[in-house]
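To start, the structure itself, in structure tokens.
The values are calculated or read from the model by the stated rules, or taken from the named source; none is laboratory data. Since this is a predicted model, take the numbers as computed values, not measurements. Here the Cβ positions follow ideal geometry from the backbone for every residue, glycine too, while neighbour counts run over all protein chains shown. Side chains are part of the model used for accessible areas, which takes the heavy atoms of the whole protein and leaves out ligands, DNA and RNA. Shrake-Rupley method; radii C 1.70, N 1.55, O 1.52, S 1.80 Å.
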Amino acid sequence: MTSGPITARIADGVAGLAAADWDACAGRDNPFVGHAFLSILEESGSVGRGTGWQPLPVIVDGADGRPGAVAPAYAKSHSQGEYVFDHAWADAWERAGGNYYPKLQVAAPFTPAPGPRLLLRDLELAPALIGALEAVADQNGLSSAHATFIAPDQVPLFEAAGWLIRTGTQFHWHNDDYASFDDFLSRLSSRKRKAIRHERAKAVEGLTIRHLTGADLTEAAWDAFWIFYQDTGSRKWGHPYLTRAFFSLLGERMADQTLLILAERDGRPIAGALNLIGADTLYGRYWGCTEDVPFLHFELCYYQAIDAAIMRGLATVEAGAQGEHKLARGYVPVPTWSAHYIPDRNFRRAIADFLAREALGVENDQHYLSALTPFKRGG
């Protein structure tokens, strides 16, 4: 039971906080909210000065004087790297004469992976932490505060505080105690089974696939992947979000939670997919290539991820944002949620109306997409 006064404060980054205190709140299940990942982003220059992601972690101390609840929060000067799109909201607020940026973002930067956004050693401090986030927005005249890709069990906490809830869709693969990839394929319709086998065979012709983790994550491997990442990043976002130093630090500090899958031709890497390993989930994050090989993207990002999850006994593969093409590969639609604090009443009313209409469309899409999965009917 929490008693006595509650103290909330803002730090100038996660890296400067004690890892033990932060992780006592964050837990060990989700790698993207741990002290290691968030501090790597800061120390590598991937967030911070000049990036539009200014770290402002919010901390509520418990009765024992140690952090009892924390939130990975950032002052954002743009809306890139979030994967929950609010550009139309920004345009509307700016046309009305306001400044939408900076805004407060509670998130794992560049990471559309659902997880806790209220990191709680003391569960009773959740309302105080939400109140502290609101106070940061109110006291600094910010247009809004946003918590994106929140874990399902935290949606009611934000709802109870009056934040607006937005729904979205991702595609995840679920491990139904499969013994092998062939066991998984046996649950699919014959036509889909044949299509996947064809894709896998074509993708790996003349190639060697390697899974690298732990000590196998050498600087040579990161040099190769950096080239792949830069190519994809420049095409998708205009410029890569992460710096080269990020990957070296990831290999130094989170090697056992990192899985890099490389495709090699004659010993030379031509493509790669980066994954992080959680307690029960494999998280696919980045992919790139220097040679265009049919179906290789599906092989490295989806099928090899399924292989790895089955081998490790993981329950889920989350392969990132969007992508209806994942349906044919055995990934099924699942809902995602974000929460939004809008101080201005008129602006809040307009956004609430938009979200209500959007939610109906998302729900209808999810019903439609669920009927398109490749699994045998009734199975």
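Would you be able to say whether some residue in the range 367-377 is surrounded by fewer than 17 Cβ atoms within 10 Å (Cβ to Cβ), among the aromatic types (Phe, Trp, Tyr), more than 30 Å from Gly97 (Cα to Cα) and free of Cβ contacts under 8 Å to residues at least 60 places away in the same chain?
Yes; the residues of the range 367-377 include at least one that is surrounded by fewer than 17 Cβ atoms within 10 Å (Cβ to Cβ), among the aromatic types (Phe, Trp, Tyr), more than 30 Å from Gly97 (Cα to Cα) and free of Cβ contacts under 8 Å to residues at least 60 places away in the same chain.
At positive phi and either open to solvent by less than 50 Å² (accessible area, probe 1.4 Å) or touching a residue at least 24 places away in the same chain (Cβ under 8 Å) (or both): does that describe Gly214?
yes
Check off (1) on the phi > 0 side of the Ramachandran plot; (2) in contact with a strand residue (DSSP E or B) (Cβ under 6 Å, 6 or more places away or on another chain) for Val106 and give me the number that stays unchecked.
Failed condition: (1).
State whether the residues of the range 201-209 include one that is closer than 20 Å to Gly323 by Cα and assigned to a helix (DSSP H, G or I).
yes
Counting residues that are open to solvent by less than 10 Å² (accessible area, probe 1.4 Å), which strands (runs of 3 or more DSSP E) fully inside the range 7-111 reach at least 1?
Once the strands (runs of 3 or more DSSP E) in the range 7-111 are filtered for at least 1 residues that are open to solvent by less than 10 Å² (accessible area, probe 1.4 Å), what remains is 53-55, 58-61, 67-71, 73-76, 103-106.
If you go through the range 40-61 one residue at a time, do you hit one that is out of contact with any Gly (no Cβ under 8 Å at 6 or more places or on another chain), at pLDDT 95 or above and under 25 Å from Val334 (Cα atoms)?
no
Looking at the range 306-337 only, could you name the residues that are closer than 21 Å to Asp177 by Cβ, under 16 Å from the mean Cα position of the chain (by Cα) and of a type in the set (A, V, I, L, M, F, W, C)?
Val317, Ala319, Val334
Name the residue, out of His146, His198, His172, that is open to solvent by 10 Å² or more (accessible area, probe 1.4 Å), modelled with pLDDT of 95 or more and touching a strand residue (DSSP E or B) at 6+ places or on another chain (Cβ under 6 Å).
His172
Confirm whether Arg117 is open to solvent by less than 10 Å² (accessible area, probe 1.4 Å), of a type outside the set (Phe, Trp, Tyr) and in contact with a strand residue (DSSP E or B) (Cβ under 7 Å, 6 or more places away or on another chain).
Spelling it out, Arg117 is indeed open to solvent by less than 10 Å² (accessible area, probe 1.4 Å), of a type outside the set (Phe, Trp, Tyr) and in contact with a strand residue (DSSP E or B) (Cβ under 7 Å, 6 or more places away or on another chain).
So Arg166 fits all but one of (1) out of contact with any strand residue (DSSP E or B) (no Cβ under 6 Å at 6 or more places or on another chain); (2) of a type in the set (D, E, K, R); (3) part of a strand (DSSP E or B); what number is the exception?
(1)
Do you know which residues across the range 149-165 are farther than 21 Å from Asn30 by Cα and surrounded by fewer than 22 Cβ atoms within 10 Å (Cβ to Cβ)?
Glu159, Ala160, Ala161, Gly162, Leu164, Ile165
For the structure I just gave you, tell me whether Ile227 is in a helix (DSSP H, G or I), over 21 Å from Arg285 (Cα atoms), out of contact with any Phe, Trp or Tyr (no Cβ under 6 Å at 6 or more places or on another chain) and not polar (S, T, N, Q).
Against the criterion (in a helix (DSSP H, G or I), over 21 Å from Arg285 (Cα atoms), out of contact with any Phe, Trp or Tyr (no Cβ under 6 Å at 6 or more places or on another chain) and not polar (S, T, N, Q)), Ile227 does not qualify.
The rows are residues; the columns are (1) at pLDDT 95 or above; (2) within 16 Å of Ile277 (Cβ to Cβ).
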| site | (1), (2) |
| --- | --- |
| Cys289 | yes, no |
| His297 | yes, no |
| Ile306 | yes, yes |
| Ile310 | yes, yes |
| Gly313 | yes, yes |
| Glu318 | yes, yes |
| His325 | no, no |
| Ala328 | no, no |
| Val332 | yes, no |
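Within the range 233-244, how many residues turn out to be in a helix (DSSP H, G or I) and open to solvent by 10 Å² or more (accessible area, probe 1.4 Å)? Before the answer, list the steps.
Just the residues of the range 233-244 that are in a helix (DSSP H, G or I), to begin with: 233-236, 244.
Imposing the further condition that a residue be open to solvent by 10 Å² or more (accessible area, probe 1.4 Å) reduces the set to 234-236, 244.
So the count comes out to 4.
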